[in-house]
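The values are calculated or read from the model by the stated rules, or taken from the named source; none is laboratory data. Predicted, not measured: the structure shown is a model, and the values here were computed from it. Heads up, the Cβs are rebuilt from the backbone with ideal geometry, glycines too, and the neighbour counts pull from every protein chain shown. Just so you know, the surface numbers come from the protein's heavy atoms only, side chains and all, with ligands and any DNA or RNA stripped out. Shrake-Rupley method; radii C 1.70, N 1.55, O 1.52, S 1.80 Å.
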Amino acid sequence: MPAQVDQAVFGGGCFWCIEAVFQQIEGVLHADSGYAGGHVDHPTYEQICNGDTGHIEVVTVSYDPAVVTYHELLEIFFASHDPTTLDRQGNDAGPQYRSAVFWQTPAQEEAAREVIADLEARQVFGSPIVTRLLPPAKVWPAEDYHRDYFLRNPGQGYCAFVVAPKVAKMRKDFAHKLKRS
């Protein structure tokens with residue numbers, strides 16, 4: 001185990017996509033899907049899909065900061081989804097799909113603000129970033145069938161047509177950060 005393990009919590013649309021992206025990054029020990037930010041304890045997927053629990057689909061990234069920095073994780077996160085669409089990613093629409101960073105420390109909050117300001121200044125997306133910066137929140141684990149979904153179901157339609165292209169883009173853009181086999 002590394003000397004230090006930090007956590008980052010990101011919501012960027014469907015958690016299958018974000019989980020699959022971060023699972024391939026060197027220094028990431030775990031990427032676990034869950035639900036955060038809502039007002040219902042122990043929410044189910046069906047409950048959050050109704051859009052009235054306040055939860056966001058998130059991935060908790062446990063990582064070794066000596067190998068990959070929080071700033072690098074933020075760069076990967078923003079490159080792996082569209083942070084300019086409110087409550088949606090592609091055809092996935094609803095408040096559970098909003099773009100969000102649940103900062104875990106004041107330093108993470110500051111880093112997220114800096115990365116967003118830089119992306120905005122460079123007009124990387126051509127539209128304003130609507131990613132919400134939120135304080136730490138309880139993350140409820142997603143049901144077991146959501147865990148490692150892309151790894152277990154690469155040929156499933158959504159995985160093949162939505163997740164796989166995001167993973168391929170990340171592998172191209174961040175080849176220098178990929179885990180070595």
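If we sort 112-122, 76-86 on the protection proxy, mean other Cβ atoms within 10 Å, highest first, what's the order?
With the highest mean Cβ count within 10 Å placed first, the list reads 76-86, 112-122.
What's the extension gain from residue 107 to residue 26 if we count 0.36 nm per residue and subtract their Cα-Cα distance?
So the extension gain works out to 27.0 nm.
Taking the Cβ-Cβ separation of residue 3 and residue 50 as r and a Förster radius of 35 Å, what is the calculated FRET efficiency to the nearest 0.05?
Between residue 3 and residue 50 the formula returns 0.25.
What residues of region 153-167 lie in the reach of a label at residue 93, counting those whose backbone N is under 14 Å from a point 7 Å from the Cα along Cα→Cβ?
Under cut-off, by backbone N: nothing.
For the chain, which whole percent of the accessible surface, found with a 1.4 angstrom probe, sits on carbon and sulfur atoms?
53
Any chance you could look up the accessible area of residue 55 with a 1.4 Å probe, heavy atoms only, rounded to 10 Å²?
Accessible area, nearest 10 Å²: 10 Å².
Which value in deg cm²/dmol, rounded to the nearest 500, describes the helix-derived mean residue ellipticity at 222 nm for the chain, given -39,500 (n - 2.57) per DSSP H run of n ≥ 4 and division by the residue count?
Result for the chain, helices only: -8000 deg cm²/dmol.
Would you mind working out the accessible area per residue for the chain, using a 1.4 Å probe, and quoting it in Å²?
Using a 1.4 Å probe on heavy atoms only, each residue of the chain averages 49 Å².
Report, by chain and number, residues whose modeled amide H sits under 5 Å from the one on residue 148, excluding near sequence neighbours (fewer than 5 apart, same chain).
HN-HN under 5 Å from residue 148: 33.
Once R0 is set to 25 Å, what does the formula 1/(1 + (r/R0)^6) return for the Cβ-Cβ distance between residue 144 and residue 178, expressed as a FRET efficiency to the nearest 0.05?
For residue 144 and residue 178, the calculated efficiency is 0.40.
Pop the C-beta distance of residue 84 and residue 164 into the FRET formula with R0 = 22 Å and round what comes out to the nearest 0.05.
0.50
Ranked from highest to lowest mean number of other Cβ atoms within 10 Å per residue, what is the order of the peptides 47-53, 58-64, 132-138, 151-157?
Result, highest mean Cβ count within 10 Å first: 58-64, 47-53, 132-138, 151-157.
Which far-off residues, 5 or more places away or on another chain, put their amide H under 5 Å from the one on residue 25, with H placed in the peptide plane?
The list, which skips near neighbours in sequence, is 179.
Can you tell me which lysines have their Cα less than 19 Å from the Cα of residue 177? Leave out same-chain residues fewer than eight positions away.
Within reach: 166, 169.
Net charge around residue 18, counting only other residues with Cβ within less than 9 Å of its Cβ (Lys, Arg = +1; Asp, Glu = -1)?
Charge balance in the 9 Å sphere: -1.
Step through the residues of region 128-135 one at a time and calculate ³J(HN,Hα) from phi using the Karplus curve (6.51 cos²θ - 1.76 cosθ + 1.60, θ = phi - 60°), rounding each to whole Hz and writing x for Gly and Pro.
Per-residue couplings from phi come out as x, 6, 10, 4, 8, 9, 10, x Hz.
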